[in-house]
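The values are calculated or read from the model by the stated rules, or taken from the named source; none is laboratory data. These figures come from a predicted structure and were not determined experimentally. Cβ placement follows ideal geometry from the backbone for every residue including glycine, while neighbour counts extend to all protein chains displayed.
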Amino acid sequence: MASAYMAPAYGSTKAYDNAHVAGVASLVVAASLSGVAVLAIFATFMSRFSTSFRMQIMPYFVSLLIANFFQAVGTFLNVRWVTDRMVEASNYCSFQGALKQAGNVGMALWSFVLSFHVFKILFMRSKPSVVVQCIVLVGGWLAVAVIVMIGPLAVQTEAKGRYFGPSGYWCWITDNYPHEQFFLEYFFEFLSAGLSFVLYIGILLRVRGNLIHSKEGWRLRFVPRAERWKLAINRDWLDSSMLTVAARLLWHPISYAILLLPISLSRLYAFSGREVPFWATILSDVIFDLQGFVNAILLYTTHRLIPDPTVLPTAAPRKAIDLASPQAMGITPFILSLHQAIDPEHVLHISQPSSATESEVKDVPLTPQSSSKERDNDVASVKSSYSVDSQKPLTEADF
């Protein structure tokens, strides 16, 4: 992000006093912390490559961390201005500006992609194909490259000077291109944070059970605090575990929005024509430059929550319970572990009630002579208009 101060014209220099040196040096420290954290998480995952990249969401995490690293390196380059006690136009300055824009735009893009990926899994109950994932990865990075290169290649004019240059007390898009500053970076950051917030609200309502889909369509339901246990009636242990992982995944776009907020307020204040105090500019930038550090911590803690798929039980489809039936309340669906000793003579079966008086939970005998297909049918899920989320349990492969 650029400073909230008005930048000097391209080709000029901006001298630092002691306060400026200390302020910009704090940015270098924050960037170093993020850069080291990102490299550490990469080293940790690469040492356990086969187990670290089991989830489909991991390439998106890697892309986000790469964008974090670009931003960290771009900010770390301020060390030259701290040493020289001044910022001046040069190829080094232009490189810093381009790298910072690539990192900032990339973080906005991949933060939203993470939000949408989790949205598809938990809200839409669908998983993107590998082909779609490849298209998103290639298309996303191409979009970042085009956004960065379009400035110096197509927007820059001789009258306005170079596109990347001194902007306040470091280098970025110069203030001779104010529209490009907003629409080629800030716009994507605000859009990413806003859309991720909307998706998060939808996911939260969906996984809590407040937003349900029945034959009549989508509807909201609110349960008193004393009866909130009913919202978990269609969850099993594996679902609960993976929903914990999903909740941690959602902290990536949430943390992005939180860390973006201070600098957004600073920029909006500057856009109104008022001068932002130097200390406020530095503080908001330090917070924003900690993106890589925060994402590395979140990714490491999330990875520890993911169970090893080799130790998870092989499960039959879950049972579905009609929430319209009062007799069903208090019965939690479950999955049958094939690793456990199960008596084939008796398998718990929850039948869908044909009427309020006929609903019941009963044992359905399965004779040894029954075919495997008939047994599978007996333990298959009972469809219910009130429990459309009674799909196969969530596993880490879905993420």
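Some observations on this one:
- Verdict on A40 being buried (at least 18 other Cβ atoms within 10 Å of the Cβ), within 28 Å of F188 (Cβ to Cβ) and among the hydrophobic types (A, V, I, L, M, F, W, C): no
- Yes/no for A154 being more than 28 Å from T281 (Cβ to Cβ), over 28 Å from the mean Cα position of the chain (by Cα), in the same structural domain as L265 (by TED's automatic domain parsing) and outside any helix (DSSP H, G or I): no
- Within segment 186-201, the residues that satisfy the criterion of being within 15 Å of A143 (Cα to Cα) and either buried (at least 22 other Cβ atoms within 10 Å of the Cβ) or touching a Leu at 6+ places or on another chain (Cβ under 9 Å) (or both) are F188, E189, S192.
- Of all residues in segment 237-282, those satisfying the criterion of being at pLDDT 85 or above and hydrophobic (A, V, I, L, M, F, W, C) are A257, I258, L259, L260, L261, I263, L265, V276, F278, W279, A280, I282.
- Here is the figure for segment 126-167: residues that are over 12 Å from I57 (Cα atoms) and touching a helix residue (DSSP H, G or I) at 6+ places or on another chain (Cβ under 9 Å) total 19.
- Just one of the listed residues (V118, V87, V148, V131) is under 30 Å from V28 (Cβ atoms) and assigned to a helix (DSSP H, G or I), namely V148.
- Verdict on R219 being surrounded by fewer than 17 Cβ atoms within 10 Å (Cβ to Cβ) and modelled with pLDDT under 85: yes
- Conditions (1) free of Cβ contacts under 8 Å to residues at least 24 places away in the same chain; (2) of a type outside the set (F, W, Y); (3) surrounded by 15 or more Cβ atoms within 10 Å (Cβ to Cβ); number of the one not met by A98: (1)
- Output for segment 132-148, where each listed residue is touching a residue at least 12 places away in the same chain (Cβ under 8 Å) and either of a type outside the set (S, T, N, Q) or closer than 19 Å to N104 by Cβ (or both): V136, L137, G140, W141, A143, V144, A145, I147, V148
- The combined condition, being in a helix (DSSP H, G or I) and modelled with pLDDT of 95 or more, is not fulfilled by A193.
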